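The values are calculated or read from the model by the stated rules, or taken from the named source; none is laboratory data. Keep in mind it's a predicted model, so treat the numbers as computed, not measured. Positions of Cβ are generated from backbone atoms using ideal geometry, with glycine treated the same way; all protein chains shown enter the neighbour counts. Note: accessible area is taken over every heavy atom of the protein model, side chains too, but ligands, DNA and RNA are not part of it. Shrake-Rupley method; radii C 1.70, N 1.55, O 1.52, S 1.80 Å.
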Amino acid sequence: MRIEDSQPFVPLILGGDIGAYSLAREFHEAYGVTSVAIPSVMTGLLAHSRIVQPRVFADHADEAGLLAFVEAQARELSLNGTRKVLLLASNDPHTRLIVEHRERLEPWAVVPYADLEPLLAVTTKEGFDALCAEHGVPTPATAVVRLGDDAPAAALAAGVGYPAIVKASDSVAWHDVEFPGQKKVHTVASAEELARLVADAEAAGYAAGFVVQDLIPGPDSGMHLVTFFADKAGNVRFGAAGRVVVEEHAPGALGNSAAIVSGAYPEIVETGRRVLQDLGWRGFAMFDLKYDPRDGSYRYFELNPRLGRNHFYVTAAGNNVARFYVEEFLEDGLRQDEAFVHATREHLYSVLPKSLLRRYVPADLQATIKRLLKRGGHSHPLVYRAETHPRRWFYIAASLVNQHRKFKRWHPAP
């Protein structure tokens, strides 16, 4: 597949996950353009696509090599600076890489992200907690554990009880090590189990820290996402929230949303808008949070300085995210009458077969999900009519079958 010289602009996307493909789909739906993605391996998500051209760079951990490769692709696609290239990332390390090297990349590409200082200030656990404390936003009790720390003592001092959630503070370094029982996110039931996990990880060569958090009780459906867009002047212009219906529980995907229902959530939208407005943010950002039944609050976990992996829930509900990027960063500015838009339309985003989804829908969402399924108010990000290659549709069918296998093995009984 060739990117025609006549194409007015090119989205260049770092990554190869479902979020990267969703971006390519969104640009194709809105503007009919072909995107270029830079994955570390060729995946079924990108193979045989009619809308995205994969250009593989194997070692994404080699930042200098990856940066040189990205720069070369941007220069080529920009036709030596005569065509606009929109440079996008599908995870936090890639976002940071782009922002850190903005001056080097901007001769060939537009970088639609916040500046480095606010980005670094809010994407560390310490920075995020400080930001939330300043704005009176509740967060889970959290201990940040560094190499050599006594993890149980740190958790005790921070008021973290058991069971507790444990996550690597450096996801890239975590991906580079392997040990028995390793997961993306761990739940530990005791101080002894926490100490054992930390020791096992360090023995495997993991030298970064851990985040140990209070486990907020309640099912997957207590989780919420809220996505915002801020213009170049730092004004937050758009917000859209969704409630998680069900999450994945396989070790490598634990915590990824498998189904989300969008709708009106004024409390969490206003809270996030206020925080980002005070920051003078630019571009997209997404908060993860969970409803805490113990006191009726929403506990905020983190701020992603970009669109999330499952951001297609925003587009599926009628607000294509590609429009925001193009209007604000490639054209004359965002075209909307209102100063701030809160998207409230109900829509179901799901990567699950309907039969599997129905099995795991919580009682208080069953009527909503049934209604949306009945009237066609649901979307799967990979199911796109512009994709016509038979092998691609075989991959989608196989992935749906595999969801049954994964849920049978890993998901708690409904």
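So the values come out like this:
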{"read-out": "Between the range 186-211 and the range 1-64, the Cα center-to-center distance that results, in Å", "value": "36 Å"}
{"read-out": "Separation between Cα centres of the range 344-374 and the range 297-335, rounded to whole Å", "value": "23 Å"}
{"read-out": "Highest-fluctuation residue, L66, L356, L23 considered, GNM on the chain with Cα pairs under 10 Å", "value": "L356"}
{"read-out": "Residues with amide H under 5 Å from that of E302, placed H, sequence gap 5 or more", "value": "D288"}
{"read-out": "Amide H contacts of A250 (H built 1.01 Å from N, under 5 Å, at least 5 apart or other chain)", "value": "none"}
{"read-out": "Cα-centre dipole for the range 25-83 with unit charges at Cβ (Lys and Arg positive, Asp and Glu negative), debye to 20", "value": "280 debye"}
{"read-out": "Karplus-derived HN-Hα couplings along the range 306-318 (A = 6.51, B = -1.76, C = 1.60, θ = phi - 60°), whole Hz, x at Gly and Pro", "value": "6, 6, x, 4, 9, 5, 4, 4, 5, 5, 4, 8, x"}
{"read-out": "Dipole in debye (nearest 20) - the chain, about Cα centre, beta carbon charges: Lys, Arg +1; Asp, Glu -1", "value": "2100 debye"}
{"read-out": "V111 accessible area, 1.4 Å probe, all protein chains in place, Å² to nearest 10", "value": "0 Å²"}
{"read-out": "Surface accessible to a 1.4 Å probe, R358 within the full protein complex, Å²", "value": "140 Å²"}
{"read-out": "Whole-percent pair-distance distribution, where bins are 20 Å wide, for the alpha carbons of the chain", "value": "26, 61, 14, 0"}
{"read-out": "Signed unit charges on C-beta, dipole axis of the chain, positive-most listed residue G222, P353, Y206", "value": "P353"}
{"read-out": "Extreme residue, positive dipole direction of the chain, given options Y291, A130, A141 (C-beta unit charges)", "value": "Y291"}
{"read-out": "J(HN,Hα) series, the range 85-94, from Karplus relation 6.51 cos²θ - 1.76 cosθ + 1.60, nearest Hz, glycine and proline x", "value": "10, 9, 8, 10, 10, 10, 8, 5, x, 5"}
{"read-out": "Where F179, F229 fall by accessible area, highest first, once all protein chains stay in place (1.4 Å)", "value": "F179, F229"}
{"read-out": "Cβ charges +1 (Lys, Arg) and -1 (Asp, Glu), total dipole of the range 79-118, debye", "value": "260 debye"}
{"read-out": "Rule-of-thumb Rg ratio for the range 318-414 [Cα; 2.2 N^0.38 Å; N residues]", "value": "1.42"}
{"read-out": "Entries of K125/K232; K125/K167; K290/K406 with Cα pairs more than 19 Å apart", "value": "K125/K232; K290/K406"}
{"read-out": "Top of A363, A64, A398 by mean-square fluctuation, Gaussian network on the chain, Cα under 10 Å", "value": "A363"}
{"read-out": "Span per principal axis, largest first, for the Cα atoms of the range 126-251 (Å)", "value": "47, 31, 29"}
{"read-out": "Among P54, P39, P390: highest mean-square fluctuation, GNM of the chain, C-alpha pairs under 10 Å", "value": "P390"}
{"read-out": "Phi-based couplings in Hz for the range 319-326 (Karplus 6.51, -1.76, 1.60; Gly and Pro marked x)", "value": "10, 4, 5, 4, 4, 5, 4, 5"}
{"read-out": "Where the chain is the region considered: accessible area per residue in Å², 1.4 Å probe", "value": "43 Å²"}
{"read-out": "Amide H partners (placed H, <5 Å) of A37, local residues excluded", "value": "I13, Q53, R55"}
{"read-out": "Computed over the chain: relative contact order in percent, which uses C-alpha pairs under 8 Å that are six or more apart", "value": "16 percent"}
{"read-out": "Relative contact order (%) - criterion: Cα under 8 Å, at least six apart; region: the range 39-196", "value": "13 percent"}
{"read-out": "Contact order relative to length of the range 127-273, as percent, for alpha carbon pairs under 8 angstrom and 6 or more apart", "value": "22 percent"}
{"read-out": "Area accessible to solvent at L372, 1.4 Å probe radius, in Å²", "value": "0 Å²"}
{"read-out": "Spatially proximal aspartates and glutamates relative to K354 (Cα-Cα < 19 Å; intrachain offsets below 8 disregarded)", "value": "D220, E247, E248, E346, D364"}
